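Since the structure comes first, as structure tokens, the remarks are kept for the end.
A short reminder: the numbers here are calculations on the coordinates, not readings from a lab. Keep in mind that what you see is a predicted model, and the values were worked out from it rather than measured. All Cβ positions, even for glycine, are placed from backbone atoms using ideal geometry, and neighbour counts span all protein chains on display.
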């Protein structure tokens, strides 16, 4: 067993897009687990756009990461040392353990994973926070129902791909917006979305949306915000619902770019626009895990991973999230996965 | 009885603020009521900001008024000729009869008014569409509850004044935004709002809002949109609700002025922003009439009217709505009110 814990810390607040010099590798001693604690060896670190928000001092729903602090993040790992009856050495767990190779943590901060149900990496993907976000955002916040036309942005991403597939299972018409032809082919092919739009090559997004959504749009599951969201707003039907899950177009903005006023659209069409985060539904996570687990094991929901190897490569991979360099759920394999 | 029906028609679509030459007086023959119909003599015509939307061809929830068509509007009148068992000559009624002195209309398009309960003019005010709009917007769309800080814009207007008073009855902290010191004195004095802001004389609306809303804002009942709404957005609490009732700042806009992106605020604070119109709650109007009628007769809800005399003065009075020249519910007395 390693005797040093490797970490990656934030050493400067990014101005605009994060850059390599905003991060620094560090070592920390490994702590012996106290009563009720375990030592976890990180196998997969999840990289997600929300982390950019943590790097900023702007007001948000959780406090910002401090300068010099370890970067936060969800992890799938293996119990290396246990000082609790509930978890044994070799058990697989998921928790919010950060960008590091090892973590000493209370057992009740971890979720135990059954590696026979699905690959353990899905515990930070389709069977983890991104999957739950898709589930509650689409079905609760956006109240999607059969017959709705659902548009999802960042449609090939960890959340978007699950949103679209759940919407198909609920008999919606599903249109995905993504940033490459390869991603559009994936969502309309393997994931069976009804239509896809490559926003980077479309001359006129309004025209493309009209063609893809001949009956207008009833649900917008938004991961990006910005001009794409504005174009979708113009095509919403009366009583449409917009679930704001992320605003990736804004995370790196250094100035607040002006936008059209959207109030008139919201009023005239009696739209409901609602922001949410997955923790708002904490009391119902078990329900979502059960539904998603069933769909994944049936093959009704597919998932794709983009795995980068080595904790030291996490900053570069994270930076790539903001121009869509990843194709599938972005993971860093920090340590060996004994199940593969 | 007059033998000519006087009307006011729209003869040009306004560019920006409506002007007198967009309107023209006209006469039309008075139609003898057919079976099930009555002839109504207009007493009060209600002037409301939504009418500006009808003058535009922009997509909205009802079709636009055509060039040369009579201006639409709510009316309180008296039955002059009846050809139905349900209404007698001399009965008072309210209906969507337009800018004219007389209307021949099916009885089932009218609501009969009891003149002993409240002044008949209230049937297009606190006990009419504006009152219902306040009731459903505040209690249903915005889900206001005891302890909430509620901000309402156009706070001395027909809708805003009722919103604030209902919110006080529900034990909210109420802050009104209005466009003159006289209006602010009125809402904080006679209407017992907790605080008021004159947006025309405030140097820094952000600072004024912070002072007036020390615990942040839980509900924004918005009648105006634009930069005032943007400032309120920056002060919203987690899980705040914004009910968009009107966007008076936008109705006369000739170009879409740029606004800050609001998506990030909506996401981070998990805000619910929802547009509505009162007809969405048609099935529950009786409930609202009962509640409002009780409050008005108790003296719990006060109302103020701004009455202009003569149908020919309706265009000028209507134009004044957009810079807040009226103080109280704006009405045109088109014909004698036998109850006053």
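The helix-only estimate of mean residue ellipticity at 222 nm for chain B, built from DSSP H runs of length n ≥ 4 each weighted as -39500 (n - 2.57), is -6000 deg cm²/dmol after division by the residue total.
How high is the relative contact order of chain B, given as a whole-number percent (alpha carbon pairs under 8 Å, six or more residues apart)?
Dividing the mean separation by the residue count of chain B yields 18 percent.
Based on alpha carbons, the Rg and Dmax found for the stretch B:50-125 are 14.3, 41 Å.
Listed from fewest to most Cβ neighbours within 10 Å, the set B:139, B:330 follows the order B:139, B:330. In chain A, inverting the average of 1/r over every pair of distinct C-alpha atoms gives 20.7 Å as the Kirkwood radius.
Principal axis extents of the Cα atoms in the stretch B:92-196, from largest to smallest and rounded to whole angstrom, are 46, 29, 24.
Just to confirm the number: angle between the C-alpha axis of helix B:160-169 and the first principal axis of chain B, 0 to 90 degrees, nearest 10? Once rounded, the angle reads 60 degrees. Footprinting exposure proxy ranking of A:183, A:112, fewest other C-beta atoms within 10 angstrom first, gives A:112, A:183.
Take every pair of alpha-carbon atoms less than 8 Å apart whose residues are at least six positions apart; their mean separation over the length of the stretch A:64-111 yields a relative contact order of 36 percent.
Grab the eigenvalues of the alpha-carbon gyration tensor for the protein assembly as shown, scale each by 5, take roots, and send me the semi-axes largest first in whole angstrom.
Working: eigenvalues 648, 132, 98 Å².
Square roots of five times the eigenvalues give 57, 26, 22 Å.
The radius of gyration of the Cα set in the stretch B:1-153, together with its Dmax, comes out at 17.7, 56 angstrom. Size descriptors for the stretch A:129-279 (Cα atoms only): Rg and Dmax, in that order, 13.9, 40 Å.
Could you rank the peptides B:42-52, B:114-124, A:119-129, A:289-299 by their average count of other C-beta atoms within 10 Å per residue, with the highest value first? Can you show the working numbers first?
On the way: B:42-52: 23.5, B:114-124: 19.2, A:119-129: 25.1, A:289-299: 15.1.
The packing order, highest mean first, is A:119-129, B:42-52, B:114-124, A:289-299.
When you work out D = kT/(6 pi eta Rh) for the stretch A:191-252 at 10 °C and 1.306 mPa s, using the Kirkwood radius from C-alpha pairs as Rh and the Stokes-Einstein form, the result is 129 µm²/s. Counting Cβ atoms of other protein chains within 10 Å of each residue's Cβ and taking the mean over peptide A:227-233 gives 1. Summary of the geometry: the stretch B:132-186 and the stretch B:295-316, compared by the centres of their Cα atoms, lie 18 Å apart.
Under the definition of Cα pairs under 8 Å and six or more residues apart, what whole-number percent is the relative contact order of the stretch B:192-257? Each step should come with its number before you reach the end.
Numbers: 69 pairs, mean separation 20.7, N = 66.
RCO, the stretch B:192-257: 31 percent.
Per-residue shielding of B:271-279, expressed as the average number of other chain Cβ atoms within 10 Å of the residue Cβ, stands at 6. Cβ-to-Cβ counts within 10 Å put A:261, A:303 in ascending order as A:303, A:261, the fewest first. Across the identical copies, the label point of residue B:54 (7 Å from Cα in the Cβ direction) is separated from its matches by 5.5 nm, in order from shortest. For the protein assembly as shown, the antiparallel share of DSSP beta bridges with both residues in that region comes to about 55%. Nearest-to-axis residue in chain B, judged by Cβ distance to the rotation axis that brings B onto A and given in whole Å, is B:258, 2.
Give the percent of DSSP beta bridges with both residues in chain B that are antiparallel, rounded to the nearest 5. Each step should come with its number before you reach the end.
Details: 31 of 57 bridges.
Of all bridge pairs located within chain B, approximately 55 percent are antiparallel.
Using a label position 7 Å from Cα in the Cα→Cβ direction, what is the ascending list of nm distances from residue A:253 to the same site in the other copies? So the label point of residue A:253 gives 1.5 nm to the other copies. Of A:312, A:182, A:78, which has the largest mean-square fluctuation in a 10 Å C-alpha GNM of chain A? Among A:312, A:182, A:78, the largest mean-square fluctuation in the Gaussian network model of chain A belongs to A:182.
Eigen-decomposition of the gyration tensor built on the alpha-carbon atoms of the stretch A:213-340 gives equivalent ellipsoid semi-axes of 32, 22, 13 angstrom, largest listed first.
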